[in-house]
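The values are calculated or read from the model by the stated rules, or taken from the named source; none is laboratory data. In this text, all values refer to a predicted model and were calculated from it rather than measured experimentally. Reconstructed Cβ throughout: ideal geometry from the backbone, glycine too, with neighbour counts over all protein chains shown. For the accessible areas, the whole protein counts, side chains as well, though only heavy atoms, and no ligand, DNA or RNA atoms are used. Shrake-Rupley method; radii C 1.70, N 1.55, O 1.52, S 1.80 Å.
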Amino acid sequence: MVKGLDDLAPEGLLDRARRAAALVDDAARVRVFCHYDPDGTTSASILARALMRRGKRIHATMAHALDRTSAARLGEETNELLVVSDIGSGQLDLLEGLPYPVVVLDHHKPIDGAREMCGATTTWLFALVLDERNWDLAGPAMAGAIGDKQAVGGFVGVNAALFEEAKERKVVVLERRLALRDLPLGKAIALSIEPYFRGLSGRPDAAEDFLRTVGFDPAASLRDLDAGGRRKLTSILAARLVEQHAAPEALDVLVADRYWIEPDQMYAHDLEAYVNSCDRLGQEGLGMAVCLGDRDALARAEKLLEEYTSKVLGYLVSLESKGLFPKKHIQFFYCEDASLAGVIAGTGMLFFFDQTRPTLGLSVLDGITKVSARGTRSHIAAGVDLAVALREAASGVSGNGGGHNIASGATIPKGKEDRFLTQVDEIVGRQFEATRTNDQ
């Protein structure tokens, strides 16, 4: 039975969304400002489709950060309304100084922004309040949630309620399947980032040899296997993840729900992969075009996905052999490409890095160093809050940082890396110790 929004989201959240939606009717043109990652890009596409459906003109930007420079540029614009998505809740002081109304659609407290709702689902809820015809935008919203790792272990909270309703409305169709691309098995495993198979991912010859050893034809696809064959392959790959000491939630990635998006005629995971590769390679506009249904953009995005996959696998394979730099409570590595540091830290943390320490990826640029930090659910259960750790440590070296407890980032002055890492290490150590003390 079809449900209304009152049955799907907390009353306080809906009240705020309705107050924000009321501002839209007073504007002929809406300025949209979103984060540059998959969650932010899908948010931008949802806003574009919903606002154009409302008869509004839009100007959209995807950016790496909302800082004083970008806020100053926005302040020079003559906007009727600014809608900020997947960013902004930590920069309210900058936004409050703008000379026009601002709506912030972000996913931090009071909800669990790491699990229950992402920027895209927050934006989609806003779009649904604008017009319930926007149920057909479930696909980009789900791709955003997948990009923020909120599908691992199944959707919960507002995510679960909204996506279950989209399923009831036949906008998305659920399948449960092994998380490999629809390619020959040897190629699918060699190109697999999530899950990442140590010794196989990024190594086509090794992947093919492994499959032959366990009784599979590397040229066969997943669709060629009968139910028994799929179960056997799943068990073998699960054992492989256990042997490489992957995090417990890594097994949730191996076999997971896959959603077919009826309006967009593709899987949500595939849409996320295309958007992510565009964003990480500096083609955010192309990723947004894919979300808007541009088939020419999709063909170009497929080539970027190949390039992105190759780059990420190259870094991960290198870290397999080189290892990371360990400190007492954290571990870190350097990455030349700041846009890839987060996915490398997150993938490695989940599948083969030392599970006892959260991971930081550092990218040293001109004058600044960007940092991406990733942990596991076990770290969070043990008291770690990477948002707090990076914010405090970055502040101590005249930088800034924040995010979520399990995934956060920072920007610090170049040359302050050692001091920053020492402070993060000390803060994380105190977080671990506080939980141990409370448990005694």
Exercise for the section: Look at the range 280-336 and say how many of its residues are in contact (Cβ under 8 Å) with a residue 40 or more places away in the chain and not in a helix (DSSP H, G or I). Expected result: 8
Exercise for the section: List the number of the failed condition for E76; all other conditions in (1) open to solvent by 60 Å² or more (accessible area, probe 1.4 Å); (2) in contact (Cβ under 8 Å) with a residue 24 or more places away in the chain hold. Expected result: (2)
Practice task
Output the number of the condition that F126 fails; it satisfies all remaining conditions of (1) at pLDDT 95 or above; (2) touching a Cys at 6+ places or on another chain (Cβ under 8 Å).
Solution key: (2)
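Using the structure shown, decide if A297 is under 22 Å from the mean Cα position of the chain (by Cα) and modelled with pLDDT under 95.
no
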Practice task
Enumerate the pairs (first residue in the range 423-438 and in contact (Cβ under 8 Å) with a residue 60 or more places away in the chain; second residue anywhere and open to solvent by 70 Å² or more (accessible area, probe 1.4 Å) and assigned to a helix (DSSP H, G or I)) with beta-carbon separation below 9 Å, excluding pairs fewer than 6 apart on the same chain, so at least 6 apart or on different chains.
Solution key: V424/E392
Fill in the blank from the handout: Requiring at least 1 residues that are within 16 Å of T121 (Cβ to Cβ) and polar (S, T, N, Q), the strands (runs of 3 or more DSSP E) wholly within the range 1-92 are 82-85
Exercise for the section: Could you check A219 against (1) more than 26 Å from H35 (Cβ to Cβ); (2) open to solvent by less than 30 Å² (accessible area, probe 1.4 Å); (3) at pLDDT 95 or above; (4) of a type in the set (G, A, S) and say which number it fails? Expected result: (2)
Exercise for the section: Go through the range 383-399 residue by residue and tally those that are in a loop (DSSP other than H, G, I, E, B) and of a type in the set (V, I, T). Expected result: 2
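Is it true that S363 is surrounded by fewer than 22 Cβ atoms within 10 Å (Cβ to Cβ) and either modelled with pLDDT under 95 or assigned to a helix (DSSP H, G or I) (or both)?
Values: surrounded by fewer than 22 Cβ atoms within 10 Å (Cβ to Cβ): yes; either modelled with pLDDT under 95 or assigned to a helix (DSSP H, G or I) (or both): no.
Answer is no for this residue.
Here is a list: L174, L162, L180, L137. Which entry is hydrophobic (A, V, I, L, M, F, W, C), assigned to a loop (DSSP other than H, G, I, E, B) and either in contact (Cβ under 8 Å) with a residue 24 or more places away in the chain or surrounded by fewer than 16 Cβ atoms within 10 Å (Cβ to Cβ) (or both)?
Numbers: L174 fails: assigned to a loop (DSSP other than H, G, I, E, B); L162 fails: assigned to a loop (DSSP other than H, G, I, E, B); L137 fails: assigned to a loop (DSSP other than H, G, I, E, B).
When all the criteria are applied, what remains is L180.
Report yes if E208 is at pLDDT 95 or above and either surrounded by 15 or more Cβ atoms within 10 Å (Cβ to Cβ) or within 22 Å of the chain's Cα centre (by Cα) (or both), otherwise no.
Criteria met by E208.
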Practice task
State whether one or more residues within the range 85-103 are surrounded by fewer than 13 Cβ atoms within 10 Å (Cβ to Cβ) and in contact (Cβ under 8 Å) with a residue 40 or more places away in the chain.
Solution key: no
Fill in the blank from the handout: When the range 222-269 is checked residue by residue, the ones that are farther than 23 Å from P204 by Cβ, among the aliphatic types (A, V, I, L, M) and surrounded by fewer than 14 Cβ atoms within 10 Å (Cβ to Cβ) are A227, V242
Practice task
Restricting attention to the range 412-440, report how many residues are buried (at least 19 other Cβ atoms within 10 Å of the Cβ) and under 13 Å from K370 (Cβ atoms).
Solution key: 2
Practice task
Would you be able to say whether some residue in the range 270-292 is over 27 Å from E336 (Cα atoms) and among the β-branched types (V, I, T)?
Solution key: yes
Completion exercise
Within the range 366-388, of all residues that are surrounded by 23 or more Cβ atoms within 10 Å (Cβ to Cβ) and of a type in the set (S, T, Y), the one nearest to the chain's Cα centre (by Cα) is S372
Completion exercise
Taking the range 221-259 and keeping only residues that are part of a helix (DSSP H, G or I) and either on the phi > 0 side of the Ramachandran plot or of a type in the set (S, T, Y) (or both), one is left with T234, S235
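When the range 314-342 is examined, which residues are found to be among the aliphatic types (A, V, I, L, M) and open to solvent by less than 10 Å² (accessible area, probe 1.4 Å)? Let's see the steps before the verdict.
Going residue by residue through the range 314-342, those that are among the aliphatic types (A, V, I, L, M) are 316-317, 319, 324, 330, 338, 340-341.
L316, I330, L340, A341 - these are the residues of the range 314-342 that are among the aliphatic types (A, V, I, L, M) and open to solvent by less than 10 Å² (accessible area, probe 1.4 Å).
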Practice task
Looking at (1) closer than 27 Å to Q150 by Cβ; (2) outside any helix (DSSP H, G or I); (3) not small (G, A, S), find the lone condition where I344 falls short.
Solution key: (2)
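Just to verify a result, which residue in the range 191-205, among those that are without any contact (Cβ under 8 Å) to a residue 40 or more places away in the chain and either closer than 18 Å to L178 by Cα or within 30 Å of the chain's Cα centre (by Cα) (or both), is surrounded by the most Cβ atoms within 10 Å (Cβ to Cβ)? Talk me through it step by step, then tell me what you get.
First, the residues of the range 191-205 that are without any contact (Cβ under 8 Å) to a residue 40 or more places away in the chain: 192, 204-205.
Pick out the ones that are also either closer than 18 Å to L178 by Cα or within 30 Å of the chain's Cα centre (by Cα) (or both) and you get 192, 204.
On the way: S192: 23, P204: 14.
Taking the candidates together, the pick is S192.
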